[in-house]
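J.: Next up is a structure, given as structure tokens.
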């Protein structure tokens, strides 16, 4: 099992809109790729120095091949949509974790 974790720092002025959009539009869109078998969304419970709110968006894949296929086939398109919808309002980084 591979966890594709996307950590997002969201500016407070778009937090509610972003969270609603993630739950109802973006996460379902990612899951439609069939590259992931499960997802979870968490708010990180510590204050950010810049005043933003931090979230962990977690996508679980059966194996690394599915993650790589997602990155090659869908990531650029999905990232462009996020950047267009919330320009300069998010800081995003990804982490890959392997279940041991």
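J.: Give the number of residues within region 26-57 that are within 17 Å of residue 75 (Cβ to Cβ), outside any strand (DSSP E or B) and within 15 Å of the chain's Cα centre (by Cα). Outline the logic, then answer.
T.: At the first step, the residues of region 26-57 found to be within 17 Å of residue 75 (Cβ to Cβ) are 26-36, 39, 57.
Subsequent filtering for residues that are outside any strand (DSSP E or B) retains 26-36.
With within 15 Å of the chain's Cα centre (by Cα) added as a condition, the list becomes 26-33, 35-36.
Final tally of qualifying residues: 10.
J.: Suppose we filter 24, 39, 5 for residues that are free of Cβ contacts under 8 Å to residues at least 24 places away in the same chain and closer than 18 Å to residue 95 by Cβ; which single one remains? Break it down stepwise before answering.
T.: Working: 24 fails: closer than 18 Å to residue 95 by Cβ; 5 fails: free of Cβ contacts under 8 Å to residues at least 24 places away in the same chain.
When all the criteria are applied, what remains is 39.
J.: What about residue 25, is it out of contact with any helix residue (DSSP H, G or I) (no Cβ under 8 Å at 6 or more places or on another chain), within 25 Å of residue 98 (Cα to Cα) and at pLDDT 95 or above? Lay out the reasoning, then the answer.
T.: Working: out of contact with any helix residue (DSSP H, G or I) (no Cβ under 8 Å at 6 or more places or on another chain): yes; within 25 Å of residue 98 (Cα to Cα): no; at pLDDT 95 or above: yes.
Here the answer is no, as residue 25 does not meet what is asked.
J.: Right, something else. Considering only region 84-100, how many residues are surrounded by fewer than 10 Cβ atoms within 10 Å (Cβ to Cβ) and farther than 27 Å from residue 2 by Cβ? Give the steps one after another, and end with the answer.
T.: Taking region 84-100 as the starting set, the residues that turn out to be surrounded by fewer than 10 Cβ atoms within 10 Å (Cβ to Cβ) are 84, 87-88, 93, 98-100.
Filter again for farther than 27 Å from residue 2 by Cβ, leaving 84, 87-88.
Here the count works out to 3.
J.: A further question on this structure: Going by what's in this entry, would residue 19 be described as out of contact with any strand residue (DSSP E or B) (no Cβ under 6 Å at 6 or more places or on another chain) and surrounded by 12 or more Cβ atoms within 10 Å (Cβ to Cβ)? Show your work before the answer.
T.: Details: out of contact with any strand residue (DSSP E or B) (no Cβ under 6 Å at 6 or more places or on another chain): yes; surrounded by 12 or more Cβ atoms within 10 Å (Cβ to Cβ): yes.
Against the criterion (out of contact with any strand residue (DSSP E or B) (no Cβ under 6 Å at 6 or more places or on another chain) and surrounded by 12 or more Cβ atoms within 10 Å (Cβ to Cβ)), residue 19 qualifies.
J.: Pick from 13, 66: which is part of a helix (DSSP H, G or I), touching a residue at least 12 places away in the same chain (Cβ under 8 Å) and exposed (fewer than 14 other Cβ atoms within 10 Å of the Cβ)? Walk me through how you get there before you give the answer.
T.: Numbers: 66 fails: exposed (fewer than 14 other Cβ atoms within 10 Å of the Cβ).
After ruling out the rest, the residue left standing is 13.
The values are calculated or read from the model by the stated rules, or taken from the named source; none is laboratory data. None of these values were measured; they are calculated from a predicted model. Methodologically, a virtual Cβ is constructed for each residue, glycine included, from the backbone with ideal geometry; neighbour enumeration extends over all protein chains shown.
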